[in-house]
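Trainee: Before I ask anything, here is the structure I am working with.
Every number in this text was worked out from the coordinates using simple rules, so none of it is lab data. Since the model is a prediction, treat every value here as computed from it, not as a measurement. FYI the Cβ positions are ideal-geometry reconstructions off the backbone, even for glycines, and counts take in every protein chain you see.
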Amino acid sequence: MMSEFCGTIQRIVRMLRALTFDMDGTLGDTHSLCVEAYRRCTQELTGWLPSAREVEEKFGVSDRGVLGQLLGMDPEDERLPIATLVEVYERLHNRMAPGPVEGMREALAEFRSMGLLLAVITGKEHYTALPTLCRYGMENSFQQVLYGTPTHNNKAEQLTSLLDTWKLSASEIIYVGDMPSDIRMAHEAGVRIINAAWATEAKRWREECLALKPDFRLTHVSELCTLVKNLMTP
């Protein structure tokens, strides 16, 4: 089967003009990298090694938001040691997530050749997003890269902003993301959502994702290519 849950394709056929991607768990299998980077950074700075759960509970906001919560600091404080987080993140990157999800680079090249607009909408800020894009050779793959904020999950706002920037209707764009929160944000913005279930951690939130009724849930990047081709076929 191509997907575990599938909406009505006919509602969006001939209307797809843009694909937007989450980063962690979607472009790369980087969830564990992010968790470990925050754990090790916190340990180096304070001597306290938070659990993976203690880190994950703070996800949804940006780099400064997560680090600020772990250190008990205002994320806007210029003394926040974000440079330490970046150093730890880059140090772990090659060992824990050396390359993108299999087939993703090729898929992006194919989508560009089809004339689709491509964007990243991530909860990260540039501090950790850009090192990953550069390491994966994707720094020039997207027309737009939109970042998170330290205060709240702003993906719905970024999706709405992108619609305005590209002068698209909600039916002309699809968001691809792995987390339950990605599905919620897409629903909030009125945008179609492909639940990416190809990363190692995806099985952990499978039931929650399915309960939120994504338009599609795909387990391989090859399925994404097939689906997009179908949506682009008159």
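Trainee: If a/c stays under 1.5 just call it rounded; otherwise compare a/b with b/c (prolate if a/b is bigger, oblate if not). Do that for the stretch 117-234, with a ≥ b ≥ c from the square roots of the Cα gyration tensor eigenvalues.
Mentor: rounded
Trainee: Which distance in nm do the two modelled labels at GLU157 and ARG91 give, with both placed 7 Å along the Cα-to-Cβ direction?
Mentor: In this crude spin-label approximation the distance works out to 3.3 nm.
Trainee: Compute the long axis of helix 82-96 from its Cα atoms, compare it with the longest principal axis of the Cα atoms of the chain, and write down the angle in degrees, 0 to 90, nearest 10.
Mentor: The helix 82-96 is inclined about 60 degrees to the chain.
Trainee: Okay, moving on. On a 0 to 90 degree scale, rounded to 10, what angle separates helix 31-46 from the longest Cα axis of the chain?
Mentor: Helix 31-46 sits at roughly 20 degrees to that axis.
Trainee: Classify the stretch 81-177: rounded, prolate or oblate, from the alpha-carbon gyration tensor (a ≥ b ≥ c, eigenvalue square roots; a/c under 1.5 rounded; otherwise prolate if a/b is larger than b/c)?
Mentor: In terms of gyration-tensor shape, oblate.
Trainee: Something else now. Ranked from highest to lowest mean number of other Cβ atoms within 10 Å per residue, what is the order of the peptides 135-144, 117-126?
Mentor: 117-126, 135-144
Trainee: Give the long-range amide H neighbours of VAL176: residues separated by 5 or more places, or on another chain, with amide H under 5 Å away, using H modelled in the peptide plane at 1.01 Å from N.
Mentor: THR20, PHE21, ASP22, ILE194
Trainee: Let me ask you something else. Rank ALA83, GLY28, GLY65 by how far each Cα sits towards the positive end of the charge dipole of the stretch 19-86 (+1 on Lys, Arg Cβ; -1 on Asp, Glu Cβ) and give me just the farthest.
Mentor: Selected residue: ALA83.
Trainee: With each run of n ≥ 4 DSSP H residues scored as -39500 (n - 2.57), what mean residue ellipticity at 222 nm is computed for the chain after dividing by its residue count and rounding to the nearest 500 deg cm²/dmol?
Mentor: Helices in the chain give a 222 nm mean residue ellipticity of -13500 deg cm²/dmol.
Trainee: Quick check: from the Cα gyration tensor, does the stretch 146-196 come out rounded (a/c under 1.5), prolate or oblate?
Mentor: Oblate shape, in that a/c is at least 1.5 and b/c is the bigger or equal ratio.
Trainee: Calculate the FRET efficiency for SER169 and ALA52 from the Cβ-Cβ distance with a Förster distance of 35 Å, rounded to the nearest 0.05.
Mentor: With R0 = 35 Å, the Cβ-Cβ based efficiency is 0.30.
Trainee: Moving on. Return the inverse of the average 1/r over all pairs of distinct C-alpha atoms in the stretch 19-80, which is the Kirkwood hydrodynamic radius, in Å to one decimal.
Mentor: This gives a value of 12.3 Å.
Trainee: Would you tally the net charge around GLY47, using a Cβ to Cβ cut-off of less than 13 Å, leaving GLY47 out, and scoring K and R as +1, D and E as -1?
Mentor: Neighbour charge sum, excluding GLY47 itself: +1.
Trainee: Still on this model: With everything on Cα atoms, drop me the angle between helix 155-166 and the longest principal axis of the chain, reported from 0 to 90° to the nearest 10.
Mentor: Its long axis makes an angle of about 50 degrees.
Trainee: Oh, and also: Which entry is the computed volume of the Cα convex hull per residue in Å³ for this structure: (1) 132; (2) 114; (3) 261?
Mentor: Working out volume of the Cα convex hull per residue in Å³ from the coordinates points to (2).
Trainee: Under a Cβ-Cβ cut-off of 9 Å, what is the net charge of the residues other than ASP63 that fall near it, where Lys and Arg count +1 and Asp and Glu count -1?
Mentor: The answer is +1.
Trainee: Normalised by the number of residues in the chain, what is the relative contact order in percent for Cα pairs under 8 Å and 6+ residues apart?
Mentor: Relative contact order for the chain comes out at 32 percent.
Trainee: So, in Å, what gap is there between the alpha-carbon centers of the stretch 75-118 and the stretch 149-175?
Mentor: Their Cα centres are 20 Å away from one another.
Trainee: Roughly how big is the chain's charge dipole about its Cα centre, with Cβ charges of +1 (Lys, Arg) and -1 (Asp, Glu), in debye to the nearest 20?
Mentor: 640 debye
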